[in-house]
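Visitor: Structure provided below as structure tokens; questions to follow.
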Amino acid sequence: MIYPGVDQNDYKASCRISEIRFPRSGSCTKTRLAASVAASGTGRSVEADKVRTCFSEPGTTVLERETMPPPFLAQWDSQRVPRNAWSNLTRGFSADEPLPVWIDCDPGHDDAFALVLAAHNPRLRLLGVSTVDGNGSVENTTLNAARILKAAGVQQVRVYAGAALPLLRRTQPCSRPQTCKDNGSKKAQPRHPEHIHGRSGMELVQSAELWPDACFGHDLLDTEPAVQAMASAIMDEYVRLNPDTCLIRNRTVCTLRSELGKGSRDGPIDAEHSTEQTQTSERRVKIVTCGPLTNIALLVSIYREVIPLIDLVVLGGALFSAGNVSPVAEFNIHHDPEAFHIVTSAGIENILLIPLEVTHTVLAGEQVMDALHRIHSPFSVLLTGLLAYYGERYRHAFGFEAPPLHDPVAVAAVFGATLGKFAIQHHRVDVELHEGTLCHGKVVVDVWGHTGRPRNMYVALAVDTEWFWSEMLAVIKRANEVSPL
């Protein structure tokens, strides 16, 4: 297979299967799969042992997960994808000017690290945080976000509770029958992935002994609805960044700001008409979504005028590898696929998708844990505890030796893409909305242009993991200096 975006003459891959016997139907045999990947100039080879081939049905193959790398590693070599500098998110900003960012999240163990990165990286200026139903109920994710920010020494940023349910769906089918049995029969699974993040959405964080008092973090909570607060912050920041800005639909941004409470009820804008709606400055507000896109779908539907004022980074999707909530779908998109469809059809010029192929290479292994232990403070102990819980759950569910830190990779992309730390391509991306199918919630990227539809999204295919961890550990040290724990 030649990977998308890699020149055929640059990279040649071949796979061969050896010593495979084909027994009669109904029997099993131990076989050996030798897969070699020949890369020009490297001669690297990858060998996978102990593949169990069962022929209860002809042609059925079952892999022994405990002796195999996770499927994405067997199929995807992200380090072979060339990096490229992509400056769309930083256009209009000087090199030393922090980028304004709003985080929409569903904490979530990995969301905790995303919040720390957004709050303490000098290249970013965190405007606010909204929460959504996802890894836990919106009540839990809101409290989790406030407590993590407070523990990281954040004083001024406010946390706003958002959507409590997906736009259309109320329950999800049980994707893990072994965890959803009641007296031997299957039952509907809760919407939240408790087998990964625990009942609270961020297990350990709600343990009373971690906090100085029971109300720790409550002073960061705000009662304003999340979508309205987000729209208000975007308008205010846009005016600050662009005081001499042009008109939007013959009305100034200041006029729109005064009319914010009324909203705009005309529905989302078609992508093909988005370039006609305004002549905007390139200095836009960045939104990073670390959870389902329910809040953002409401934002672009109610407050259409913010669409040309924002750039969007989305954590979600499994493009060429296995999903983490179904055979092909990633959790954030699968949880509310209609929201993803609305957002990607709204006409936002710059949308950057960070899929599992990228985040599954950012593993918090022994070196990361050792670095956190060396900091040796209450705050680092908190983060170590979160990683330990998360890592054990991930190991049990997916066979990972170390947990992937999904969400902070999306935050890092806001400033890292322009530094050439990501491999980014422009493609057509859609989502399967038909419920009840195997591909429900699957993000589909049209690499070769088969559909003939216009490209609507930028897609990350790789990240410089060493650079990411250096940035992540640096902000943890900064947060540790101001943490009240």
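Visitor: In the stretch 470-485, what residues are assigned to a helix (DSSP H, G or I) and more than 26 Å from ILE351 (Cβ to Cβ)?
Guide: Just the residues of the stretch 470-485 that are assigned to a helix (DSSP H, G or I), to begin with: 470-482.
Across the stretch 470-485, the qualifying residues are SER470, LEU473, ALA474, ILE476, LYS477, ARG478, ALA479, ASN480, GLU481, VAL482.
Visitor: Among the residues in the stretch 336-354, are any surrounded by 23 or more Cβ atoms within 10 Å (Cβ to Cβ) and among the aromatic types (Phe, Trp, Tyr)?
Guide: Yes; the residues of the stretch 336-354 include at least one that is surrounded by 23 or more Cβ atoms within 10 Å (Cβ to Cβ) and among the aromatic types (Phe, Trp, Tyr).
Visitor: Restricting to the stretch 372-395, what's the tally of residues that are without any contact (Cβ under 8 Å) to a residue 40 or more places away in the chain and at negative phi? Spell out how you get there, then give the answer.
Guide: Let us first name the residues in the stretch 372-395 that are without any contact (Cβ under 8 Å) to a residue 40 or more places away in the chain, namely 373-374, 376, 381, 384, 388, 391-392, 395.
In the following step, the residues that additionally are at negative phi were identified as 373-374, 381, 384, 388, 391-392, 395.
The qualifying residues number 8.
Visitor: Among (1) surrounded by fewer than 17 Cβ atoms within 10 Å (Cβ to Cβ); (2) touching a strand residue (DSSP E or B) at 6+ places or on another chain (Cβ under 6 Å), there is one condition ILE424 misses while meeting the rest; what is its number?
Guide: (1)
Visitor: Take the residues in the stretch 299-323 that are at pLDDT below 95 and crowded, with 24+ Cβ neighbours inside 10 Å, then tell me which one is farthest from VAL132 (Cα to Cα).
Guide: ALA318
Visitor: Additional query: Which residues, counting only those in the stretch 297-320, are part of a helix (DSSP H, G or I) and either within 16 Å of the chain's Cα centre (by Cα) or not charged (D, E, K, R) (or both)? Let's see the steps before the verdict.
Guide: Step one: of the stretch 297-320, the residues part of a helix (DSSP H, G or I) are 297-302, 304-309.
Answer for the stretch 297-320, where residues must be part of a helix (DSSP H, G or I) and either within 16 Å of the chain's Cα centre (by Cα) or not charged (D, E, K, R) (or both): ALA297, LEU298, LEU299, VAL300, SER301, ILE302, VAL306, ILE307, PRO308, LEU309.
Residue-wise test of (1) over 20 Å from LEU386 (Cα atoms); (2) modelled with pLDDT of 90 or more; (3) of a type in the set (Lys, Arg).
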site	(1), (2), (3)
ARG123	yes, yes, yes
GLY128	yes, yes, no
ALA151	no, yes, no
ARG158	yes, yes, yes
ALA164	yes, yes, no
THR179	yes, no, no
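Visitor: Checking the structure you have, find out if any residue of the stretch 421-435 is in a helix (DSSP H, G or I) and either of a type outside the set (S, T, N, Q) or over 23 Å from PHE379 (Cβ atoms) (or both).
Guide: Step one: list which residues in the stretch 421-435 are in a helix (DSSP H, G or I), which gives none.
Among the residues of the stretch 421-435, not one is in a helix (DSSP H, G or I) and either of a type outside the set (S, T, N, Q) or over 23 Å from PHE379 (Cβ atoms) (or both), which makes the answer no.
Visitor: Based on what the data block shows, is GLN367 surrounded by fewer than 19 Cβ atoms within 10 Å (Cβ to Cβ) and closer than 18 Å to ALA462 by Cα? Can you show your working first?
Guide: Details: surrounded by fewer than 19 Cβ atoms within 10 Å (Cβ to Cβ): yes; closer than 18 Å to ALA462 by Cα: no.
No: the conditions fail for GLN367.
Visitor: Tell me which residues, restricted to the stretch 467-485, are hydroxyl-bearing (Ser, Thr, Tyr) and surrounded by 16 or more Cβ atoms within 10 Å (Cβ to Cβ). Give the derivation first.
Guide: Residues of the stretch 467-485 hydroxyl-bearing (Ser, Thr, Tyr): 470, 483.
Listed by number, the list holds a single entry, SER483.
Visitor: May I ask you to list the residues in the stretch 452-466 that are over 21 Å from ASP311 (Cα atoms) and surrounded by 16 or more Cβ atoms within 10 Å (Cβ to Cβ)?
Guide: Initial filter on the stretch 452-466 (over 21 Å from ASP311 (Cα atoms)): 452-453, 464-466.
Within the stretch 452-466, ASP464, THR465 qualify.
Visitor: Specify which of the listed residues (GLY441, GLY436, GLY449) is more than 17 Å from LEU352 (Cβ to Cβ) and buried (at least 20 other Cβ atoms within 10 Å of the Cβ).
Guide: Numbers: GLY436 fails: buried (at least 20 other Cβ atoms within 10 Å of the Cβ); GLY449 fails: buried (at least 20 other Cβ atoms within 10 Å of the Cβ).
Checking each option against the conditions leaves just GLY441.
The values are calculated or read from the model by the stated rules, or taken from the named source; none is laboratory data. Bear in mind the structure is a predicted one, so any value in this text is a computation, not a measurement. Note that each Cβ is placed from the backbone with ideal geometry, even for glycine, and that neighbours are counted across all protein chains shown.
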